[in-house]
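First the structure, in the form of structure tokens, and then the observations on it.
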Amino acid sequence: MSTRIDITLTVNGEEIVETVEPRMLLSDFLRDRLGLTGTHVGCEHGVCGACTVRLNGVTARACLTFAAQVDGARIETVEHLGTVASLNRIQQAFRKHHALQCGFCTPGFLMTVQEMLETLPLETDEEIRDALSGNICRCTGYEHIVRAVRELADEREGAAA
Amino acid sequence: MNDLPRKPLGPDADALASARPKYVGKAVQRLEDPRLLTGAGRYTADIRADRMVHAAFLRSEQAHARIKSIDCEAARGLPGVTGVYTAADFAGIPVIKAPSRMRDYRATSCTVLASEKVRYVGEPVAVVIARDRYIAEDALALIEVDWEPLDVAADPESAAYDGAPLLHDELGTNILFERVFETGEPDDAMAQAPHRVSGRFRMHRKSPLAIEPRSYVAEPDRANDGLTLYGSTQIPGILRDILSGLLDLPGSRIRVVAPDVGGGFGGKGSLYPEEIAVCALARRLGRTVKWVSDRSEDLASTSQGFDEIIEAELGFDDDGALIALKGRVTGDIGAYSIYPWTAALEPVQVVSFLPGPYRIPHYRGEVKGVATPKPPTGPYRGVGRPASVFVTERLIDMAAAHLGIDPAGMRRKNLVAEDEFPYRIGSGIVWDRSGFAECLDEACSRIGYEGLRKLQREARAAGRWYGIGIATYAELTGIGSRISVAPGMPINTGTETASIRVDSTGAVTATFAVASHGQSLETTLAQIVAEELGVRPEDVRIVQGDSGATSHGTGTYASRSAVLGGGAAIVTSRVLRDKIKRVASHLLEAAVEDIETGNGRVFVAGTDKSVTFAEVAHAVYSDMRALPAEARENLEASESYDPVTGTTTTATHIATVRIDPETLAVSIDRYLVAEDCGRMINPLVVDGQVHGGVAQGVGAALLEELSYDETGQLLTGSLADYTVPTAAEVPPIEVFHLETELPGNPGGFRGMGEGGTIGAPAAIANAISDALSPLGVGVTELPVTPERLFRLVSEARNKTDTEK
Ligand code: FES
Ligand code: FES
């Protein structure tokens, strides 16, 4: 247990150099070591999606990833989106459509939705629902989340046209 | 959302007629959102402190066993471990009992950690304190417990027999209480009823499953020999009161704070052993102690919901008029009666609500609660009503089918009618005027009920399975002191206090004892205070979830916070508004009657003479020349509100389902809710509550079951086995609101946070039964998992084969 590993990575655009135990989870590393508590832990076994971050641009579950694995990687967390004073478009749409209640699942959804908007056609609501199905929300019943994503997807089409 | 005209009637007509801008009823964007959307929320697990240590609990792997010995030596020797503690280390703390004034009620005794014996898998047995959570868990693996397994009666019916292995020897029985509710002559009436339908129904155990697992941080206040507990709880006030007694600390030295809380649904609404343990250890060690449960622990130790067996019979005449209802409910309580709600909470609600919104002259409901070696049951969204509505609505559909009447018509015929309110049902609950029939009619017309029946006939002709299910229900919400004391609980949940002040800068702070964990109370209460005082919602800071801020209050549960918190907000704001007007009348040299407030200003109606709230505050607090001494009224008010009884909320849900005859996959096609929750504070928030409730009802109907085997082992200990609905399983949900007649509370609000979960299991069960009705089978057990559906369909098919 005393082996420790040096890692260098970029988190939200900032270079980080740290030493970690091999068993330290990325979720604990982000939260406890870096103080980035916006990444939440809802299950620690890869089902709920609350811990979703972007690892080299692709969504990943921080609770199923060891900190030691991300040496050299680029990570973005919810803290990399907008700020309280200036929410980004996804955050604005979530607020407008009341797509969050307790907010615990929300950072994971935001990271997932950001990737969905970059990579998927999202032509039907069914497609939106399928793409969201790796994240659990116990509060909203998903209806308002789907509406927020629909608006963002339509807006994207509008912009592209 | 519907756009029905709002009736300007009701108790609040004068406030509605005032000149101030209206915020109540508007889809105001939430004030809590910016922080939650940016990862800037502060949940309990986010809290850190200097010299903080971490707790991990060793939990029982046995359902019922004697603890012969616990060897903690190896664990204590692990580097980084501060200490390992067992029951004896908490011997100074009184046992926890949830007493009741109910006759012959037997309260169980529970200690912080199991001493002598364990009564469920997951019960805390020892606790490790270490430098970090990883080390604490390493140490758990080094603790050796020598168990002597005891006999187990895991299901409530076998546990109720004489001679069953006793969980609590001192009680002499596993039956914790029995009660009977009776009206009329149920036996004779049933015997003489021309028609009867009956069934044995089962609602299986659920987990409330908030996505934030339970977590607590206890921080000692060494300077004052006090303590602050930060926790994921719905009930900071109740915890402060009980912990004050258990730890022998006056309320001024113990504070319970619920920071941002990631959902509750009832699971964070009771007292837990872990809360007591972290507090006691923080005091003992003089260090901040943190515990965050993992999901498996949470599934195994957070209070569980529902779980009853219900035998019921319904009698009716040739025209479908209901005559008599009998129900016998066996509640599977789990090992302990939970504090403060008692073991009676869930099963007694089932018999209380079994007669539903219907006119049924004769009723008998019998209920017993049985202790079993499983985690304690506690409140879960809907409490009792999801099970009772499931049973009653199934019986109504069975009766309609028996007579060949349409299920919607069957309901319409029997719903309590407009001129019959207030109406007392057989269990003693009194319904006030609420849109029972209006919601049914609205739901049917919005979904195009007749058209759906036509669709169904076509589907059947083509050999497809398509079903339509209705559930109509009523519930009691926003319960006041006269009703809340009835079950004999050790606390008062029937009042709520607001304290509102304008400080010397003119800013408004309003303090409540409610505790939001997703309900948007920071926004909805701000809307009310803003409208009543004459400022903007974003100018009102709501303080809630902090027992240190209020003298008494309980928290947020049981659809109470809009009615009670909102009521307190209104009466208090009005007292404060009058003070502000009196002060301003001096400053503006006008009669009080001519003063109005709005948009943060106080003005003389019909003129351009005005002062700001800040100027009023400055005159009162800072500029000692502005006002005569006797006119310097403190700009503060604190008032309580007690609705005394409760408000009646009602809804009709309609679900349509398709079932694939080959794979038996169930898909919900449409889902529609028409509900009457009185005046809405924020329609977006109301819709969100309905959607979330329905999604949990979908889980209760199709997926969720905490399954225990006959030895009391949990078989669904992770989210891979205990499956909850994702966006792919929850259908789009259409919601329509009706306001029939506003209830008699200051805001005209009715509570509505639980309704979705109450209606959905029944509507879906009826839709599936309707789809399968050509096979002659119906749903009696929830959830209808693929395996249960397979059994149901095969039995029906075998039966038809043998009859051929
Ligand atoms: S916490 Fe990582 S998926 Fe649930
Ligand atoms: S908002 Fe509470 S879990 Fe999604």
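Does the stretch B:369-378 contain any residue that is open to solvent by 10 Å² or more (accessible area, probe 1.4 Å) and within 26 Å of B:VAL694 (Cα to Cα)? Even if it seems obvious, please write down each step before you answer.
Restricting attention to the stretch B:369-378, the residues satisfying the condition of being open to solvent by 10 Å² or more (accessible area, probe 1.4 Å) are B:374, B:376-377.
Checking the rest, the ones that are also within 26 Å of B:VAL694 (Cα to Cα) come to B:376-377.
Looking through the stretch B:369-378, at least one residue is open to solvent by 10 Å² or more (accessible area, probe 1.4 Å) and within 26 Å of B:VAL694 (Cα to Cα).
Which members of the stretch B:401-457 meet the condition of being crowded, with 16+ Cβ neighbours inside 10 Å and among the hydroxyl-bearing types (Ser, Thr, Tyr)?
Hits for the stretch B:401-457 are B:TYR423, B:SER427, B:SER434, B:TYR449.
Okay, residues lined up against (1) in a helix (DSSP H, G or I); (2) in contact with a helix residue (DSSP H, G or I) (Cβ under 8 Å, 6 or more places away or on another chain):
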| position | (1), (2) |
| --- | --- |
| B:SER352 | yes, yes |
| B:GLY356 | no, yes |
| B:ILE360 | no, yes |
| B:TYR363 | no, yes |
| B:GLU366 | no, yes |
| B:PRO373 | no, no |
| B:PHE390 | yes, yes |
| B:MET398 | yes, no |
| B:GLY409 | yes, yes |
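How do the pairs read when you match residues in the stretch A:41-54 that are free of Cβ contacts under 8 Å to residues at least 60 places away in the same chain with residues anywhere that are among the polar types (S, T, N, Q), using Cβ under 7 Å and keeping only pairs 6 or more apart or on different chains?
Between residues of the stretch A:41-54 that are free of Cβ contacts under 8 Å to residues at least 60 places away in the same chain and residues that are among the polar types (S, T, N, Q), the close pairs are A:VAL41/A:SER27; A:HIS45/B:SER718; A:CYS51/A:SER27; A:CYS51/A:THR39; A:VAL53/A:THR39; A:VAL53/A:THR77.
With a cut-off of at least 1 residues that are buried (at least 16 other Cβ atoms within 10 Å of the Cβ) and without any contact (Cβ under 8 Å) to a residue 40 or more places away in the chain, name the strands (runs of 3 or more DSSP E) lying wholly within the stretch B:606-661. Can you show your working first?
On the way: elements: B:610-612, B:636-641, B:647-659.
Output list reads B:610-612.
When you look at B:PRO783, is it within 26 Å of A:HIS144 (Cβ to Cβ), more than 14 Å from chain A (Cβ to nearest Cβ) and open to solvent by less than 10 Å² (accessible area, probe 1.4 Å), yes or no? Break it down into steps so the answer makes sense when it comes.
Numbers: within 26 Å of A:HIS144 (Cβ to Cβ): yes; more than 14 Å from chain A (Cβ to nearest Cβ): yes; open to solvent by less than 10 Å² (accessible area, probe 1.4 Å): yes.
Against the criterion (within 26 Å of A:HIS144 (Cβ to Cβ), more than 14 Å from chain A (Cβ to nearest Cβ) and open to solvent by less than 10 Å² (accessible area, probe 1.4 Å)), B:PRO783 qualifies.
Taking the stated definitions as given, is A:ARG4 of a type outside the set (Val, Ile, Thr), more than 9 Å from chain B (Cβ to nearest Cβ) and open to solvent by 60 Å² or more (accessible area, probe 1.4 Å)?
Working: of a type outside the set (Val, Ile, Thr): yes; more than 9 Å from chain B (Cβ to nearest Cβ): yes; open to solvent by 60 Å² or more (accessible area, probe 1.4 Å): yes.
Considered against the rule, which asks whether it is of a type outside the set (Val, Ile, Thr), more than 9 Å from chain B (Cβ to nearest Cβ) and open to solvent by 60 Å² or more (accessible area, probe 1.4 Å), A:ARG4 comes out as yes.
Across the stretch A:55-97, what is the total count of residues that are in contact with a Gly (Cβ under 6 Å, 6 or more places away or on another chain), free of Cβ contacts under 8 Å to residues at least 60 places away in the same chain and more than 16 Å from ligand 2 (Cβ to nearest atom)?
Total satisfying the criteria: 3.
Out of A:HIS45, A:HIS40, report the one residue that is within 16 Å of ligand 2 (Cβ to nearest atom), within 30 Å of B:LEU209 (Cα to Cα) and outside the structural domain of A:CYS105 (by TED's automatic domain parsing). Give the steps one after another, and end with the answer.
On the way: A:HIS45 fails: within 16 Å of ligand 2 (Cβ to nearest atom).
On inspection, the qualifying residue turns out to be A:HIS40.
Could you figure out which of (1) open to solvent by less than 40 Å² (accessible area, probe 1.4 Å); (2) assigned to a helix (DSSP H, G or I); (3) more than 13 Å from chain B (Cβ to nearest Cβ) isn't true of A:ASP28?
Single failed check for A:ASP28: (3).
Would you check if there is a residue in the stretch A:28-35 being out of contact with any Leu (no Cβ under 6 Å at 6 or more places or on another chain), more than 14 Å from ligand 1 (Cβ to nearest atom) and among the acidic types (Asp, Glu)?
Let us first name the residues in the stretch A:28-35 that are out of contact with any Leu (no Cβ under 6 Å at 6 or more places or on another chain), namely A:28-29, A:31-35.
Imposing the further condition that a residue be more than 14 Å from ligand 1 (Cβ to nearest atom) reduces the set to A:32-35.
This time we only want the ones that are among the acidic types (Asp, Glu), so: A:32.
So far as the stretch A:28-35 goes, yes, one or more of its residues are out of contact with any Leu (no Cβ under 6 Å at 6 or more places or on another chain), more than 14 Å from ligand 1 (Cβ to nearest atom) and among the acidic types (Asp, Glu).
Would you confirm, using the coordinates I've provided, whether A:PHE104 is facing chain B (nearest Cβ under 7 Å) and either crowded, with 17+ Cβ neighbours inside 10 Å or more than 17 Å from the chain's Cα centre (by Cα) (or both)? Give the derivation first.
On the way: facing chain B (nearest Cβ under 7 Å): yes; either crowded, with 17+ Cβ neighbours inside 10 Å or more than 17 Å from the chain's Cα centre (by Cα) (or both): yes.
Yes, satisfied.
Answer with yes or no whether B:THR183 is modelled with pLDDT of 95 or more, open to solvent by 30 Å² or more (accessible area, probe 1.4 Å) and in contact with a strand residue (DSSP E or B) (Cβ under 8 Å, 6 or more places away or on another chain). Lay out the reasoning, then the answer.
Numbers: modelled with pLDDT of 95 or more: yes; open to solvent by 30 Å² or more (accessible area, probe 1.4 Å): yes; in contact with a strand residue (DSSP E or B) (Cβ under 8 Å, 6 or more places away or on another chain): yes.
Answer is yes for this residue.
Just checking, which of A:GLU21, A:GLU79, A:GLU118 is more than 9 Å from chain B (Cβ to nearest Cβ), more than 10 Å from ligand 1 (Cβ to nearest atom), more than 19 Å from A:THR140 (Cα to Cα) and open to solvent by 10 Å² or more (accessible area, probe 1.4 Å)? Break it down stepwise before answering.
Values: A:GLU21 fails: more than 9 Å from chain B (Cβ to nearest Cβ); A:GLU79 fails: more than 9 Å from chain B (Cβ to nearest Cβ).
Matching residue, one of A:GLU21, A:GLU79, A:GLU118: A:GLU118.
The values are calculated or read from the model by the stated rules, or taken from the named source; none is laboratory data. All values reported here derive from a predicted model rather than from experimental measurement. All Cβ positions, glycine included, derive from the backbone under ideal geometry; neighbour counts span all protein chains shown. Surface accessibility is based on the protein's heavy atoms, side chains included, excluding ligands, DNA and RNA. Shrake-Rupley method; radii C 1.70, N 1.55, O 1.52, S 1.80 Å.
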